[in-house]
């Protein structure tokens, strides 16, 4: 528990004993051990898992993080492209306005 941040500790401590057991079962801890362990031990088990998740969990988080980073990069590129398109439209409209003003001057 000492390795957790203050916020993480607060969250874990607020969990009921049954909720702790349910989380540990979901994390695939041995059910016999879970139901034979008292609350302080359950807290330590969950804290240890949070501090040192199994490699497969870490790999999944890394993959998800990479995908999110790619999505953000793609959205940034799309926004830059859209901004360039808008700037081009503005420049075209400005050129049209200038041309129209010049045409009116010639007509006078």
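Just so it is clear, none of the values below were taken in a lab; they were calculated from the coordinates. Keep in mind that what you see is a predicted model, and the values were worked out from it rather than measured. Here the Cβ positions follow ideal geometry from the backbone for every residue, glycine too, while neighbour counts run over all protein chains shown.
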Computed on Cα atoms, the radius of gyration and Dmax of region 55-108 in angstrom are 23.3, 79
Quotient of Cα radius of gyration and Kirkwood radius for the chain, i.e. Rg/Rh, equals 1.55
To the nearest 0.05, the calculated FRET efficiency linking residue 27 and residue 87 through their beta-carbon distance, R0 being 41 Å, is 0.20
Expressed as a percent, the portion of alpha-carbon pairs in region 1-50 spaced more than 16 Å apart is 29 percent
The FRET efficiency for residue 66 and residue 9, from their Cβ-Cβ distance with R0 = 22 Å and rounded to 0.05, is 0.15
